[in-house]
Amino acid sequence: MREKVLQLLEKALKDDPSLFLIDFTVTETNQIRITIDGDNGVTVEDCIKISRAIEHNLDREEEDFSLEVMSAGVSQPLTAARQYKKNIGRKLKVQTEAGESIEGELTDATENDVTLKWKTREPKPVGKGKHTVKKEAVVPYNDIVEAKVMITFN
């Protein structure tokens, strides 16, 4: 069952290259769960299209199953390089392997790493008081434990 669903899923995603797979599971009881994202977001119609492409090519008489196709939620961590690229300009909170927590604007996302920029208040090098300093960090994907988009309300 898993292999057939995966083939159908890959074909459906190939038909719409702006969509990409985030997560795919098939349980022992044939509960199929698919999470997708898109370069331009994901609509309900996108989920229905992927669901139909799979469901219409499986035979319930042969094997019973349940199918759930959903979009990656805003509260879910980023897992694919394409997700970082579509979130350039947004604020991220990144936890690194070294235990560091970085909150900053995502300014670049390459195939290997992301660039975050932020401002912070630090003690002046000479004299009393603090001044604002611009910081930047380039973090390789394999050093990221978790990255989430920070939701801000203006």
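If the reach is capped at under 20 angstrom between alpha carbons, list the lysines near residue 124, excluding any in the same chain fewer than eight residues apart.
Here the lysines satisfying the reach criterion relative to residue 124 are 134, 135.
Describe numerically, in nm with one decimal, the distance between label points set 7 Å from Cα along Cα→Cβ at residue 145 and at residue 15.
4.2
Sum -39500 (n - 2.57) across every DSSP H segment of at least 4 residues in the chain, then divide by the residue count to get the 222 nm mean residue ellipticity, nearest 500.
Per the formula, -6000 deg cm²/dmol.
Which listed residue (50, 126, 94) has the Cα farthest towards the positive end of the charge dipole for the chain, taking +1 on Lys and Arg C-beta and -1 on Asp and Glu C-beta about the Cα centre?
126
Note the direction-averaged projected area, equal to a quarter of the hull surface, for the Cα convex hull of region 81-149, in nm².
5.0
Given the peptides 4-16, 126-138, 56-68, arrange them by the average over their residues of other C-beta atoms within 10 Å, most packed first.
Per-residue mean Cβ counts within 10 Å order the peptides as 4-16, 56-68, 126-138.
Between residue 88 and residue 68, with labels modelled 7 Å along Cα→Cβ, what's the label distance in nm to one decimal, could you check?
In this crude label model, residue 88 to residue 68 measures out at 3.4 nm.
Across the chain, how large is the tail of the calculated P(r) beyond 29 Å, expressed as a percent of all Cα pairs?
In whole percent, the share of Cα-Cα pairs in the chain beyond 29 Å is 35.
For region 53-65, take each phi angle, set θ = phi - 60°, evaluate the Karplus expression 6.51 cos²θ - 1.76 cosθ + 1.60, and give the result in whole Hz per residue in order, putting x for glycine and proline.
Result, rounded to whole Hz: 4, 8, 4, 6, 10, 10, 10, 5, 5, 6, 8, 6, 7.
Helix 2-15 versus the longest principal axis of the chain: what angle, 0 to 90°, nearest 10, using Cα atoms?
The helix 2-15 is inclined about 70 degrees to the chain.
No value in this document is a laboratory result; all are computed from the given coordinates. Worth saying up front: this structure is predicted, and the values here are computed from it rather than measured. Here Cβ is always computed from backbone atoms with ideal geometry, including for glycine, and neighbour counts include all displayed protein chains.
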